[in-house]
1. If a residue has to be without any contact (Cβ under 8 Å) to a residue 24 or more places away in the chain and among the aromatic types (Phe, Trp, Tyr) to count, how many in the range 230-274 make the cut?
2. Pick out the one residue from LEU289, LEU192, LEU220 that is of a type outside the set (D, E, K, R) and in a strand (DSSP E or B).
3. Which residues, counting only those in the range 228-252, are closer than 19 Å to ALA57 by Cα and touching a strand residue (DSSP E or B) at 6+ places or on another chain (Cβ under 6 Å)?
4. Check off (1) modelled with pLDDT of 95 or more; (2) surrounded by fewer than 23 Cβ atoms within 10 Å (Cβ to Cβ) for ILE108 and give me the number that stays unchecked.
5. Which one of these is in contact with an Asp or Glu (Cβ under 8 Å, 6 or more places away or on another chain), surrounded by fewer than 22 Cβ atoms within 10 Å (Cβ to Cβ) and modelled with pLDDT of 95 or more: ALA89, ALA113, ALA95, ALA117?
6. Of the numbered conditions (1) outside any helix (DSSP H, G or I); (2) modelled with pLDDT under 95, TYR162 fails exactly one; give the number of that condition.
7. Here are some conditions: (1) under 26 Å from GLY97 (Cβ atoms); (2) touching a helix residue (DSSP H, G or I) at 6+ places or on another chain (Cβ under 9 Å). ASN206 meets all but one. Which one does it not meet?
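The values are calculated or read from the model by the stated rules, or taken from the named source; none is laboratory data. Please read all numbers here as calculations on a predicted model, not as lab measurements. Here Cβ is always computed from backbone atoms with ideal geometry, including for glycine, and neighbour counts include all displayed protein chains.
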Amino acid sequence: MNKRLASVICAISAFSAAPAWADRDTPQYTSVTVFGDSLVDAGNLYIANGGTRPDPALGYFQNRFTNGYDYPDLLSIELFGVPTTPSLAGGNNFAFGGARVVDTGDNIPDLKAQIGAFTASGRSVDTNGLYILNFGGNDVFGAKGVFGLEGAIGSYPTVDAYLQAAANQYAAGVQTLNDLGVRNILMTDFPLFGDPYTIAANAYLNKALGGLSLDADTDLLFYSLSDFNRRALTDPASLGLPPQRADITCIEAGAQATGCAGIFSFDGVHPTAAAQAAGYRDMNRKFGLTSVQAVPEPSSWAMLCVGFGLLGASFRYRRRFNKVTFA
């Protein structure tokens, strides 16, 4: 951002908050297309593995990796009355459980492959649609060598080099969508709250996003799942949640019949449906996903003056106005 322009914006914002107008020319988004991992997979992995994972007998809901709908489903239901449909069943949700940003040859469609599947499908780009990118958790698991991903950094010489590549390729996915004609993009960060690998990856991601060259009318909404997870565990009331247990999973507690009440994680990796719903409400409040426009809170403009590099903040990057608006 031009420093002089930034100072002017900060001075003006001390007195008022201007609306952040939606770039679409329809009252609401006209479609939802999803790329990502198990947090937003609507059933692609289940279809691909013949219906063995996730196991419905454990309480996984309609081939998703939690006990209910995930946040893209909730958005789709509110906009169109139906949840997202997996791409392997003809829908616009290309997410796969186990997917990463970096393709390390594990036969699971990763970021580039998912976007490639979208383009190969012959679908036209909906300039009034919302395109969601939700990756990063499995890349961090690979860097940490957990959940069966021991030594899973491929040919990268170090973990740090791998995380930097993941961040750069994640930002490159945004650029690819922009170049295809996508004009409304919602992306999330590397999601593990408090994890040093996540902190490093998100620092690289912030830097990579700063180097994007987006079209003037492209709207990039950035939502921090790592910050959401922090709030859900340390200040759940701010998200409309009761106190959350993190010492046990819903499956371990056998609490599926209760809707996993008061438990944050369904299985040790994925949040419960209640947490997914809280995340959706927070995104909708910040970005106005189901309304004509989103109006930033006055305090958001004060945060603007802090700068683009803050980790753990949810912001709206709007190149048309050459400014960053914190939601």
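1. Summing the residues that are without any contact (Cβ under 8 Å) to a residue 24 or more places away in the chain and among the aromatic types (Phe, Trp, Tyr) in the range 230-274 gives 0.
2. On the way: LEU289 fails: in a strand (DSSP E or B); LEU192 fails: in a strand (DSSP E or B).
Only one candidate qualifies: LEU220.
3. Scanning the range 228-252 gives THR249, CYS250.
4. The failed condition is (1).
5. Going through ALA89, ALA113, ALA95, ALA117 in turn, just one is in contact with an Asp or Glu (Cβ under 8 Å, 6 or more places away or on another chain), surrounded by fewer than 22 Cβ atoms within 10 Å (Cβ to Cβ) and modelled with pLDDT of 95 or more: ALA113.
6. (1)
7. (1)
Residue-by-condition table, conditions (1) hydroxyl-bearing (Ser, Thr, Tyr); (2) surrounded by fewer than 18 Cβ atoms within 10 Å (Cβ to Cβ); (3) under 17 Å from GLY68 (Cβ atoms); (4) out of contact with any helix residue (DSSP H, G or I) (no Cβ under 8 Å at 6 or more places or on another chain):
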site: VAL182; (1), (2), (3), (4): no, no, no, yes
site: ILE185; (1), (2), (3), (4): no, no, no, no
site: TYR223; (1), (2), (3), (4): yes, no, no, no
site: SER238; (1), (2), (3), (4): yes, yes, no, no
site: GLU252; (1), (2), (3), (4): no, yes, no, yes
site: ALA261; (1), (2), (3), (4): no, yes, yes, no
